[in-house]
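Enquirer: Structure below; questions to follow.
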Amino acid sequence: MTAGETALLLQVDVLPLLGVIVLVLIAAALMLWGVAVLRRRLREPDHASPIGFTLSDLRQLHRSGQMTDAEFERAKEKLLSSARAPAAPATRAQAPPPRQT
């Protein structure tokens, strides 16, 4: 076997295997990077703003002239009534009444 034939056999046998190994390493690196990004996002606290208004927000809107007196009173009453409303009691499944024969 000549040196040229040996080099050709080496290219035919090794190069496809080397390409597969490189692709597997790239895929593994991408997966590790994705896991790191996901873990970082899960550790960060949510900074979502609260939904709705507080009484302080309503007062500020009223004082700045963005709400009329009537709008302020309606919004204030709605806010206070929702705060006073008791939580709905959990309903328990009741057994059906016994059959009368």
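Enquirer: Is it the case that residue 5 is at pLDDT 85 or above, of a type in the set (Asp, Glu) and in a helix (DSSP H, G or I)?
Expert: Judged against the criteria, residue 5 is not a match.
Enquirer: So which residues in segment 47-97 are of a type in the set (D, E, K, R) and at pLDDT 60 or above?
Expert: Listed by number, the residues that qualify are 57, 59, 63, 69, 71, 73, 74, 76, 77, 78, 84.
The values are calculated or read from the model by the stated rules, or taken from the named source; none is laboratory data. Since we're looking at a predicted model, the values are computed, not measured.
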